[in-house]
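Scroll down for the structure; my scribbles are underneath it.
The values are calculated or read from the model by the stated rules, or taken from the named source; none is laboratory data. Quick caveat, the model's predicted, so the values are computed rather than measured. Note: ideal-geometry Cβ built from the backbone for every residue, glycine included; neighbour counts use all protein chains shown.
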Amino acid sequence: MPLTQQAADEIMKKYPGEVRGVAFQTDAEYVKKKWGEEGLLRVGRRLSELGYPVEYDKIKPLVWLPLGLRILSLLVIDENFNMTKEELQEMGYTAPKFSFLMKWLVKFFSSAKTMIESAPAIWKKHYTVGELETAYHGEEKFALVKVKGLVLPKSGIEYIQGYFRRVLEFSVGSAVHCELIKSPDNGADYYEFKAWWN
């Protein structure tokens, strides 16, 4: 069912807090890469129709913007292109490659363990709401990542699953698999992802 103005208003209220502008930039880069400039114009027009225009090309990476607007942007992209679960994960997966902030932060971590243990602090540099908890199990070659204090739409869950997978690949230097193992849908009050590598 297409998003309505009322649904857009509710999304803006449901997601208080702020996110860095870089999140919008990475969305725009993905859309342009996959569907071209016209694809991004379609997204922009749809957001304007809903009463929440976004000028992606004018957003600065470190500016704080409403999280609700970021969620709405993601939902509009999903709606416009009828994205599959795999495409949403791919979108999240490509985001760190487009984010100068993430590339800059990764350079400062000397090991996967340091990167994973520092992830909660990195989250706070990107979001003013929610929190991350991580556990590194180096010998068994897996990590656990919990997202607490934030309820996400399905597209947002798929997105961050892909995002975590890519960030961990940066840090462990090999292919990573990532799976959602706990969520509010199965009784937890957080999302928990398990990521493992060879």
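Which one of these does Asn198 not meet: (1) touching a residue at least 40 places away in the same chain (Cβ under 8 Å); (2) crowded, with 16+ Cβ neighbours inside 10 Å?
Condition not satisfied by Asn198: (2).
What tally of residues in region 174-198 results from selecting those that are within 13 Å of Ile116 (Cα to Cα) and among the small types (Gly, Ala, Ser)?
Going through region 174-198 one residue at a time, the tally reaches 1.
Enumerate the helices (runs of 4 or more DSSP H) found wholly within region 12-105, keeping only those where 2 or more residues are in contact with a Pro (Cβ under 7 Å, 6 or more places away or on another chain) and under 19 Å from Gln161 (Cα atoms).
Working: elements: 22-49, 67-81, 85-98.
Counting at least 2 such residues, we get 22-49, 67-81.
If you check every pair at least six apart or on different chains, which have Cβ atoms under 9 Å apart with a residue in region 79-91 that is farther than 12 Å from Trp35 by Cβ first and a residue that is basic (Lys, Arg) second?
Close Cβ pairs satisfying both conditions: Glu79/Arg46; Lys85/Lys154; Leu88/Lys154; Gln89/Arg165; Glu90/Lys34.
Looking at this structure, is Glu117 within 28 Å of Trp64 (Cα to Cα) and in contact with a Lys or Arg (Cβ under 6 Å, 6 or more places away or on another chain)? Even if it seems obvious, please write down each step before you answer.
Values: within 28 Å of Trp64 (Cα to Cα): yes; in contact with a Lys or Arg (Cβ under 6 Å, 6 or more places away or on another chain): no.
No; evaluated as a whole, the condition is false for this residue.
Going through region 137-148 one residue at a time, which ones are without any contact (Cβ under 8 Å) to a residue 40 or more places away in the chain and either outside any loop (DSSP other than H, G, I, E, B) or under 18 Å from the mean Cα position of the chain (by Cα) (or both)?
His137, the sole residue that qualifies.
Please count how many residues of region 126-185 are of a type in the set (D, E, K, R), under 17 Å from Glu87 (Cα atoms) and modelled with pLDDT under 95. Write out each step before concluding.
Of region 126-185, the ones of a type in the set (D, E, K, R) are 131, 133, 139-141, 146, 148, 154, 158, 165-166, 169, 179, 182, 185.
Still in the running and under 17 Å from Glu87 (Cα atoms): 154, 158, 165-166, 179.
Then keep just the ones that are modelled with pLDDT under 95; that gives 154, 165-166.
The qualifying residues number 3.
For region 28-38, state whether one or more residues are over 17 Å from Phe81 (Cα atoms), touching a residue at least 60 places away in the same chain (Cβ under 8 Å) and out of contact with any Lys or Arg (no Cβ under 9 Å at 6 or more places or on another chain).
Keep residues of region 28-38 that are over 17 Å from Phe81 (Cα atoms), which gives none.
No: zero hits.
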